[in-house]
Amino acid sequence: MRRIVPWQPFWNFRKSKNSDVTLQINQADFRPARFIDYREAIGKIRKTATKLKKELSKQEASKVLPSFAFYILLRAEMEVLLYLNDENLNCQVPWNDWDMKVGLPSIPSMIADARKHRTAEESFLYALLHSFFSWTVFARETLDCSHGSGPKREVKDDIMMNYVLSSEDNALVIKQLVGVKSDDLSHLEHHYDL
C-alpha cells in the first residue's frame, strides 16, 4: 500500500545571528511531477474557464477584477499551449497534481506561459498578463495638484498592479495588489499617507 505524504516545501529560509538570510534544507518531497498531454490540459483549462466565465457574468466587472484577470490568464494559457504544440510536437504540461481541488497547470508554469503570450506590448492585455509576474503599469495619470495650500503643479502617477497566485488549503488564492508610483514623494506622502 502506498503511503501519501502531505506536500511540504524542501526549503526554509531563516535568519542567522549575523542577519544574513541563509537557506536551510529541512525535508525534501521527491514525488515525480505529473505531466499531461497539452490537449488534455486545454480541455481541463477550458472547463474551468467556462465555469468561471459563467460566474463572472453574474457579477459587476469592477467587483471581480481579480477573477476576471485570472479568467484572462486561463484563456492566454490555452492560446499559448495551442501555439506551442501541434500534431508533430507535444510539449507535456506540468500539472498541479498535489492539489486536486485547484486542478490547474503548475502556477509557475502558467505564469511563465502568460509572459510568452503574443500581445502588443502597450496593450491592456499585455499589462494584465504581465501583472501575474511582476508589478506592471496599468494606467498613467497627470494631475494638477497643490497639496492643499501650495502652488499648483503637474504631477504624474503610475497606477501599478500585481497579482499573486497561490494554493492554500486546497484552494486557489488570487491576491490583487495595487500601488501608486510617482517621482513626487511629497505628493505621495500627502495623498496616500505614506
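Pick from the stretch 158-183 the residues that are surrounded by 14 or more Cβ atoms within 10 Å (Cβ to Cβ) and at pLDDT below 85: which of them is farthest from Tyr126 (Cα to Cα)? Looking at residues that are surrounded by 14 or more Cβ atoms within 10 Å (Cβ to Cβ) and at pLDDT below 85, I get Ser167. Please tell me if Val155 is more than 18 Å from the chain's Cα centre (by Cα), at pLDDT 85 or above and surrounded by 14 or more Cβ atoms within 10 Å (Cβ to Cβ). It is true that Val155 is more than 18 Å from the chain's Cα centre (by Cα), at pLDDT 85 or above and surrounded by 14 or more Cβ atoms within 10 Å (Cβ to Cβ).
Residues considered: His117, His147. Of these, the only one that is more than 23 Å from Ile45 (Cβ to Cβ) and either touching a residue at least 12 places away in the same chain (Cβ under 8 Å) or buried (at least 17 other Cβ atoms within 10 Å of the Cβ) (or both) is His147.
Within the stretch 35-53, the set of residues being under 16 Å from Asp86 (Cβ atoms) and outside any helix (DSSP H, G or I) comprises Asp37 only. Please go through the stretch 36-64 and give me each residue that is surrounded by 11 or more Cβ atoms within 10 Å (Cβ to Cβ) and at pLDDT below 90, ordered by number. Selection gives Gln59, Val64. Here Ile25 passes the criteria (1) at pLDDT below 50; (2) closer than 20 Å to Tyr71 by Cβ except the one numbered (2).
Evaluating Ser186 against the criteria (1) in a helix (DSSP H, G or I); (2) touching a residue at least 40 places away in the same chain (Cβ under 8 Å); (3) loosely packed, with under 14 Cβ neighbours inside 10 Å leaves one unmet condition, (2). Would it be correct to say that Glu77 is closer than 21 Å to Gln176 by Cα and in contact with a Pro (Cβ under 7 Å, 6 or more places away or on another chain)? Taking the combined requirement at face value, the residue satisfies it.
Quick one: in the stretch 120-133, which of the residues that are among the hydroxyl-bearing types (Ser, Thr, Tyr) and surrounded by 12 or more Cβ atoms within 10 Å (Cβ to Cβ) is farthest from Leu177 (Cα to Cα)? The extreme case among them is Tyr126. Per the conditions (1) closer than 20 Å to Gly179 by Cβ; (2) not in a helix (DSSP H, G or I), the sole criterion not satisfied by Pro66 is (2). Taken over the stretch 86-137, the criterion of being closer than 15 Å to Asp37 by Cα and either modelled with pLDDT under 85 or assigned to a loop (DSSP other than H, G, I, E, B) (or both) is satisfied by Asp86, Glu87, Asn88, Leu89, Asn90, Cys91, Gln92, Asn96, Asp97, Gly103, Leu104, Ser106.
The values are calculated or read from the model by the stated rules, or taken from the named source; none is laboratory data. Predicted model only: the values in this text are computed from it and were never measured. Ideal geometry is used to build each Cβ from the backbone, glycine not excepted, and the neighbour counts take in all protein chains shown.
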